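A.B. asks: Take a look at this one; I'll ask things after.
The values are calculated or read from the model by the stated rules, or taken from the named source; none is laboratory data. None of the values given here were measured: they were computed from a predicted structure. Cβ placement follows ideal geometry from the backbone for every residue including glycine, while neighbour counts extend to all protein chains displayed. In case anyone asks, the SASA skips ligands and DNA or RNA and just uses the protein heavy atoms, side chains included. Shrake-Rupley method; radii C 1.70, N 1.55, O 1.52, S 1.80 Å.
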Amino acid sequence: MTKVELENFYLSTLKLSYLDAVKEYEKCIHTKLGKLIANRELPILHQAKKILDTMLHSLV
């Protein structure tokens, strides 16, 4: 989150599994703010999952 989000919108972080995080972003996508945040966060979340999956497969 950005400093502005923390200070002005009083947002906080949650620790969720990958699938739960995707569901939460998709559930909130119907509001303007939810869509803005999902459009920013979902691509990063998907990319992080790909990277972690690749790293895990290379260890096996």
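A.B. asks: So which lysines can LYS15 reach, going by Cα to Cα under 18 Å and dropping same-chain residues fewer than 8 places off?
C.D. replies: Partners found: LYS23, LYS27, LYS49.
A.B. asks: Cross-link partners among aspartates and glutamates for LYS50, C-alpha distance below 17 Å, same-chain residues fewer than 8 apart left out?
C.D. replies: Counting by Cα, and skipping residues close in sequence, LYS50 has these aspartates and glutamates nearby: ASP20, GLU41.
A.B. asks: Exactly which chymotrypsin sites (Phe, Trp or Tyr not before Pro) in the range 2-60 are in a DSSP loop and have at most 14 other Cβ atoms within 10 Å?
C.D. replies: PHE9, TYR10
A.B. asks: If you don't mind, there's one more thing I want to ask. Evaluate the charge dipole of the chain about its Cα centre and quote only its size in Debye, nearest 20, assuming +1 on the Cβ of each Lys and Arg and -1 on the Cβ of each Asp and Glu.
C.D. replies: Magnitude of the dipole: close to 120 debye.
A.B. asks: Enumerate the calculated ³J(HN,Hα) couplings along the range 6-11 in order (Karplus 6.51 cos²θ - 1.76 cosθ + 1.60, θ = phi - 60°), each rounded to whole Hz, writing x wherever the residue is Gly or Pro.
C.D. replies: Values per residue, Gly and Pro as x: 5, 7, 9, 10, 6, 7 Hz.
A.B. asks: To two decimal places, what compactness ratio does the chain give when its Cα radius of gyration is scaled by 2.2 N^0.38 Å?
C.D. replies: 1.32
A.B. asks: Share of the chain's accessible area from carbon and sulfur, percent, 1.4 Å?
C.D. replies: 65
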